[in-house]
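Everything below concerns the one structure shown next.
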Amino acid sequence: MKQISLKVAVATALSLLSAQAMATGLVAVPAAGFSGTAYTLCNTTGNFGSSITTAPTTGANNTCAVFPTNEATAPVSGFTLVANASRPVVLNNTYTNFTNVTVGTVTDRVWRNAAATECIYGTKYVPANVDYRPTVSGTQYFEVNDIARGGFSSSGTVQAGYFVVSGTNASPIYRIGRTYTSVQHRALQYDTATNKALPGTNYVALPPTPGSTASINGEDFEINATTTATTVAANQTANVNSEWVDFTFDATWADDDGSTNPASPMTYVQAACSSGSIPVATNAIRLRQTAQEFARFIDVSIDGYAPSSATPLPNPSVPF
């Protein structure tokens, strides 16, 4: 029986690897989410950035991944770049001592097809080498674990994915969700390689729905390297929200878990749009620090391109 079980397990693992190797391309993200969850998994290596991540290639680890020539090229053929902006990410909250601190920049791009019926909205976050907590000793780097992009409540099923430039240390996308809620993920402990590769107690890869409608769901307190991360089921849930597409990754100038992911990948949402100028919606892009390691919850919003008449809600709150 043990031999049969082992053979089944090996066959299952190989089939999963084969499926992921053949899964390159944007993936469908329905307005109603997925079966029992708002999320779908993408790169499953690296324990959501707490351990060693394997970058996507055309041959493996490439679910949700695409491979255009460069970040300015559309990830789908037949689309042309029609809008491009660089937007500063400015924190001003209790952690910055209520002063403006520019913690990074977001590249905001839109590609549109020739028929002017569909657009692809691209987002990339690049952190700055800056201390965002001036009243705390040492250097505290803002860590972005999720980008949520709004404006898609009337879009039905959208296509979403990401691109990592080969040879860079940019984080891959670990999961994509049709939700406003970014769900925290922590390793068991941050002291050894073995513990970093294990999920914390009760932490899940695919948060169930229905559940939280907050901007961030998890445990809003700092932990040290030897703290055993544990949570409860209610803090690992996320409601489906068709207005939003959430991307989970790990990007900071210098990570407290010892890794270096100096940027997010370029993320994409393909949805219906129209001709004419590309509208900019207030607070359409939300960047979340979900306290994966030694930090607190922070949600910072910036304006972004969005489908016509989009007014992404709820309104942001500070700090989250």
Work out, step by step, the length gained on full extension between residue 234 and residue 100: first 0.36 nm times the residue separation, then minus their alpha carbon distance; give nm to one decimal.
-> 44.9 nm
Per the rule of 0.36 nm per residue minus the C-alpha distance, extending residue 317 to residue 166 adds in nm 50.7 nm
Among 143-149, 76-82, 47-53, how do they line up from the highest to the lowest mean number of other beta-carbon atoms within 10 Å?
-> 143-149, 47-53, 76-82
Work out the length of the dipole vector of the chain about its Cα centre, built from +1 on the beta-carbon of each Lys and Arg and -1 on the beta-carbon of each Asp and Glu, and round it to the nearest 20 debye.
-> 640 debye
How big is the accessible area of residue 24 in square angstrom, nearest 10, if you roll a 1.4 angstrom probe over the protein chains?
-> 70 Å²
May I ask you to rank 64, 273 by accessible area, largest first, using a 1.4 Å probe over the protein chains only?
-> 273, 64
Cα→Cβ-extended label distance, 7 Å offset, between residue 192 and residue 58, nm = 4.1 nm
Note the full-extension length gain between residue 274 and residue 254 as 0.36 nm times their separation in residues minus their Cα-Cα distance, in nm to one decimal.
-> 3.2 nm
For segment 24-123, radius of gyration divided by Kirkwood radius, i.e. Rg to Rh on alpha-carbons = 1.04
With +1 at each Lys and Arg Cβ and -1 at each Asp and Glu Cβ, the charge dipole magnitude of segment 30-184 around its Cα centre, to the nearest 20 debye, comes out at 160 debye
May I ask you to derive the relative contact order of the chain, considering only C-alpha pairs under 8 Å and at least 6 residues apart, and to give it as an integer percent?
-> 23 percent
Roughly speaking, what % of Cα-Cα pairs in segment 22-73 are separated by over 12 Å, rounded to a whole number?
-> 70 percent
Relative contact order of segment 139-268, pairs being alpha-carbon contacts under 8 Å that are 6 or more residues apart, as % = 41 percent
With a sphere of radius 11 Å drawn around the Cβ of residue 214, what net charge do the other residues whose Cβ falls strictly inside it have (Lys, Arg +1; Asp, Glu -1)?
-> -1
With the Cα gyration tensor of segment 222-320 giving a ≥ b ≥ c as the square roots of its eigenvalues, does the rule (a/c under 1.5 for rounded; else a/b larger than b/c for prolate; else oblate) give rounded, prolate or oblate?
-> prolate
Return the inverse of the average 1/r over all pairs of distinct C-alpha atoms in segment 152-191, which is the Kirkwood hydrodynamic radius, in Å to one decimal.
-> 13.6 Å
Using a 1.4 Å probe on heavy atoms of the protein chains only, the accessible area for residue 237 in Å², nearest 10, reads 20 Å²
Segment 286-320 and segment 184-228: distance between their alpha carbon centers, rounded to Å | 20 Å
Hey, could you get me the Stokes-Einstein D for segment 281-320, Kirkwood radius over alpha-carbon pairs, 37 °C and 0.692 mPa s, rounded to whole µm² s⁻¹?
-> 299 µm²/s
So, with points 7 Å from each Cα along the Cβ direction, the residue 224-residue 204 label distance in nm works out to 3.2 nm
Report the relative contact order of segment 191-320, percent, no decimals, based on alpha-carbon pairs under 8 angstrom and at least 6 residues apart.
-> 23 percent
Quick one: which residues, 5 or more positions from residue 187 or on another chain, have an amide H under 5 Å from its amide H? H modelled 1.01 Å from N in the peptide plane, none for Pro or chain starts.
-> 200
What is the Cα coordinate range of segment 149-256 on the first, second and third principal axes, sorted by size from largest, in whole angstrom?
-> 46, 39, 19
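The values are calculated or read from the model by the stated rules, or taken from the named source; none is laboratory data. What you see is a predicted model, and the numbers here were worked out from it, not measured in a lab. Here the Cβ is made from the backbone with ideal geometry for all residues, glycine too, and neighbour counts use every protein chain on show. We work out accessible area using only protein heavy atoms, side chains counted, and drop any ligands, DNA or RNA first. Shrake-Rupley method; radii C 1.70, N 1.55, O 1.52, S 1.80 Å.
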